[in-house]
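What follows is one structure encoded as structure tokens, with my remarks underneath.
Each value in this text was obtained by applying a stated rule to the coordinates, not by laboratory testing. These numbers come from a predicted model, not from an experiment. Note that each Cβ is placed from the backbone with ideal geometry, even for glycine, and that neighbours are counted across all protein chains shown.
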Amino acid sequence: MPVIWNFTRMQRTAKSSALARPHFSESRTDRLLWRLVDAAPVAVVAVNQTGEIIYANQKLAEMFGYELPELTGQSIETLLPERYRADHRIYRNFYGENPHVRPMGSGLDLAGRHRDGSEFPVEVGLSHLRVGDQLIVMGSVVDITRRKQIEETLEHRVQERTWEIERRRRVSDSLRDILQVLNSNRSLPEILDIIVTQANRLLQADASAIYQLQEGERLIFIQTSVGLTPEDLNVAYASQDEEPGTVAANLPVNGDQPAAATIQAGGREYCAQLAVPLKIKDEIYGGLMLYYTEPRKFSPEEIELAVMFGDQAALAIENARLRLQVERAAVAAERNRIARDLHDSVTQTLFSASLIAEVLPRLVQRNPDESVRRLEELRQLTRGALAEMRTLLLELRPATLMEVSMDELLRQLTEAARTRARVPMELTLDGESQLPPDVKVAFYYIAQEALNNVAKHARADQVWVTLERHPDGASLCIRDDGQGFDVNTVTPEHLGLAIMRERTEAIGGKLEIESTPGAGTRVTVTWSDSNKA
């Protein structure tokens, strides 16, 4: 037999009933069911159409911090924070007129209010029944504080993980950009500026700088910076007492709380700094410094990232030093080569000319015909020496190659080689198209190398140099009738073949070397203008 709750009578007697129990027929089954509702692990409340609480079980009273008699007859909005009460009344009235709009048993996430005024999240399930002409709304209430805490914890972990993934992506992108810069031809100040900017951004510093230790002193100065200028910080004494390669997080603290000690710079106060010494081999070059306006501590990940940027800066500085050493070595090698050329060609030519000039006065009287021949030889020697000197001057000042025409460059090369090799040389210049600067330089050095080989190895009786130019490209050919060689048996390091190939590849040209023992040699380089092809 179904249980019939007499809610009409319950309303009349609720205020005098400690349990606010509705009255019904006193069968044993009825009493058992009622006791089960009272003891249910879920908070239960019943509300009439006016919003009065007509029933609440002990679980609900304990949840909200009330005694049962205090709840009976109260408005259901008593259990809600004040800011939600007006909206809840509107919703309750709407639900009372349209109880079937929201499906039975569905949950509502709401905020509950304890008796002491504190708030907590609840989930409410609604159902309804009619007793006569009255609508009774039943609600089951679950405290979901723990669930919300778990959700917030999970959400916080997801946010942290997302932030960490994004941070690692930014670090990876930054490393890739820095590696590209390190492998580029940018100057050291540009590279260090990029490194400091990236460090400042990823470590969220307010200012950053790379300091260089002055040689022989303990003074430091700013080499590059973000958010600082050299005038912002007074030149300070650098401490070299720390163990080289260590990282110092210079954060003034008093126990676990940051102290008020600050660094004054550029009108701003910095309360924390992260310092990374820059060590190059066994030398302390300087340091990477990151400044913060707020007191803080640094995580191991932040220190590791700062060390990484410091290593990149040290690598850039070391690369710049090595590049400078290579350039200086190349300059020294080039000077030595020019000195050898001066000794091997110009000095010997001038020495020969000097000997001829000394005997000419006596030779004119005894053998006029021979003196005329010697005068012509003297003229050739002096012209060759002059051409050789001009060629060497061009090599001392490479920028001059851009100013001198290709025709004049080849004339000077052939004139100098003619004197050096004592071999007739025929120069043919065809076309008037202007060659791009890089092509002109490549043709010049290839011709120089080929003519040097003729002078040293060919033993030729005649040499032909031909330059052909047309709107879509150009070709340069150096041919001799000398002793030749077997191309297959000569390694690229000999006869300057590697140098000629590198020059040709640099302009996207084609190099052909043809030679047969006893039948001379032909060196041809061809270049085409791909933009017009």
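A few points about this structure:
- Potential lengthening of the chain between ARG201 and GLU403 amounts to 68.1 nm, from the contour at 0.36 nm per residue minus the alpha-carbon distance.
- Length available on full extension from THR29 to LEU427: 0.36 nm per residue minus the Cα-Cα distance, which gives 130.6 nm.
- Judged by the mean number of other Cβ atoms found within 10 Å, the most tightly packed of the peptides 450-461, 503-514, 316-327 leads the ranking 450-461, 503-514, 316-327.
- Electrostatic bookkeeping for ASN367 treats Lys and Arg as +1 and Asp and Glu as -1; over the other residues with beta carbon under 12 Å from its beta carbon, the sum is +2.
- Backbone N under 16 Å from the SER299 label point (7 Å along Cα→Cβ), restricted to segment 167-201: 167-172
- Alpha-carbon Rg/Rh ratio, for segment 420-533, with Rh computed the Kirkwood way: 0.97
- In range of the label at ARG147: residues from segment 28-69 whose backbone nitrogen is under 18 Å from the point 7 Å along Cα→Cβ: 41-45, 60, 63-64
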